[in-house]
Amino acid sequence: MWRLLVPGLKLKRFLALIALGFMALGVAMGLSAWIEPYLFPFWRRPVLEMVLFIVGTVLVVGGFWGLWRSINEVLGSDKWAGLLYSRRQLARGPHIAALGGGTGMPSVLRGLKHYTSNLTAIVTVADDGGSSGRLRGDLGMLPPGDIRNCMVALADTEPLMEQLFQHRFQAGELKGHSFGNLFLAAMEQASGDFVTALRESSRVLAVRGTVLPATLEHVTLHATLVTGAHVEGESAIGHSTDRIQRIWMDPPDATPLREAVEAIVAADMVVLGPGSLYTSILPNLLIPAIADAIRQSKGIRVYVANIMTQPGETANFSVRDHLKAIEDHVGPGLIDVVLVNNEKVPERLLQKYRREGADQVTFQGEESLVSGQPIIIYDNLLLADGVVRHDPDKLAPALLRVLLKFRPKWAEGRLIDALWLENRLRERHQPRWDGHMPGKSRPN
């Protein structure tokens, strides 16, 4: 606080004006009690009170106005207002844990960060390709690529900083590396451990929320294809042209990060997907304690279905097929709600994907999915701007409407927060609800 007294900040003069103004107002209101009538003529006292009241008001208003302008000169009005907004209103938002990786998870985070800062991204660390794989092999660190993308998605910083973290070198020994990956590698060596590196890097990017690895152990994905072939490594599995029969992880009982488990159990909502089924979604769920934490969570558990299939990995998959694959690997009862895009992908763009072996995930006739009978919700979640993906500005409201509909208890004792969230969502169109309630009485 003593730094506020340093000369040149243009704060002390306005604080002094405010103090003098309140003193004048105080004297004006207490003049009758302090001054005896015989010492000051009655007809003059009201005049003095009025003068002091006007002077005090002018000083207070002028002081606050000057203080506001001085702060805005340093922070900028938008940034100052945004700071107050994020630290007050967003900090009172619902607690949401999102699990996944790849390019799908940032779409969830990028939209939700405008409604709450109580976000925990739990990211798979099975990646062994590209820059992440090289750093994993050379430095023995966890693969940083998916974690970096999630941090950038949650960042509340200047566009230049985002471009810097996503910049990828095109030549020399650093070719293929992104600056963000190298920054995380340097931060880990400087801080001593990966979690501390993430915490300090989040401060640099002004991240709204927390980004955590699912585990600190080095894990390797394995897959058995329908042809009987065995494939090892996340990158090799993702490039397989044959359908996957089953995947598993080595070690099979990896220890999850304690903070990740706590965030899942305490969450008002747990979000799975969107993302590559076998290389982004299932790797987190294959950690037994992570799957158990999701089952124990009292929050609503939502699976965001992919819009497009992936060549080989999920060729010709429907929503039902995705859900059945999850159930086959980790058992039933993990999902309460399935959020499905019902907007048709433009035909010209669809033809492009079909030439690459992908197609739009089918969703019609999915009223009967898998055991546990999760609720199906259809909504327009599509963003088709050269590539097909989920629109963060559509996906986040759709998820929060699910929260408000099925988890009303999160707002108990927080009526103002619930009303604020509902008001933010009211401008969006209402989704088409389909399907049926689960057989068990979740969520309560």
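The values are calculated or read from the model by the stated rules, or taken from the named source; none is laboratory data. In this text, all values refer to a predicted model and were calculated from it rather than measured experimentally. Cβ coordinates were reconstructed from backbone atoms using ideal geometry, including for glycine residues, and neighbour counts include every protein chain displayed. Just the protein is used for accessible areas: all its heavy atoms, side chains included, with ligands, DNA and RNA removed. Shrake-Rupley method; radii C 1.70, N 1.55, O 1.52, S 1.80 Å.
Worth a mention:
- Check on THR157, of a type in the set (Val, Ile, Thr) and either more than 24 Å from ALA214 (Cα to Cα) or modelled with pLDDT under 85 (or both): yes
- Pairs meeting the criteria (first residue in the range 146-157 and under 14 Å from LEU112 (Cβ atoms), second residue open to solvent by 30 Å² or more (accessible area, probe 1.4 Å) and of a type in the set (Asp, Glu), beta carbons under 9 Å, at least 6 apart or on different chains) are ALA155/GLU162.
- Selection count, the range 295-324, where residues are without any contact (Cβ under 8 Å) to a residue 60 or more places away in the chain, of a type in the set (A, V, I, L, M, F, W, C) and open to solvent by less than 10 Å² (accessible area, probe 1.4 Å): 3
- Output for the range 191-210, where each listed residue is under 13 Å from PHE165 (Cβ atoms), surrounded by 17 or more Cβ atoms within 10 Å (Cβ to Cβ) and of a type in the set (Val, Ile, Thr): VAL207
- Residue within the range 358-373 that is in a helix (DSSP H, G or I), modelled with pLDDT of 90 or more and surrounded by 12 or more Cβ atoms within 10 Å (Cβ to Cβ) present: no
- Qualifying helices (runs of 4 or more DSSP H) (wholly inside the range 253-355; at least 3 residues being over 27 Å from LEU225 (Cα atoms)): 258-266, 288-296, 347-355
- Of residues in the range 73-102 being open to solvent by less than 30 Å² (accessible area, probe 1.4 Å) and at pLDDT below 85, the one farthest from GLY275 (Cα to Cα): GLY76
- In the range 332-347, the residues that are open to solvent by less than 50 Å² (accessible area, probe 1.4 Å) and either within 16 Å of LEU277 (Cβ to Cβ) or touching an Asp or Glu at 6+ places or on another chain (Cβ under 8 Å) (or both): LEU334, ILE335, VAL338, LEU339, VAL340, ASN341
- Checking each residue in the range 125-141 for being part of a loop (DSSP other than H, G, I, E, B) and open to solvent by 10 Å² or more (accessible area, probe 1.4 Å) picks out ASP127, ASP128, GLY129, GLY140.
- Taken over the range 103-117, the residue count meeting the criterion of being closer than 17 Å to GLN310 by Cβ and open to solvent by 20 Å² or more (accessible area, probe 1.4 Å) is 1.
- Candidate set: the range 385-421, residues that are touching a residue at least 60 places away in the same chain (Cβ under 8 Å) and assigned to a loop (DSSP other than H, G, I, E, B); chosen: the one nearest to MET308 (Cα to Cα): ASP391
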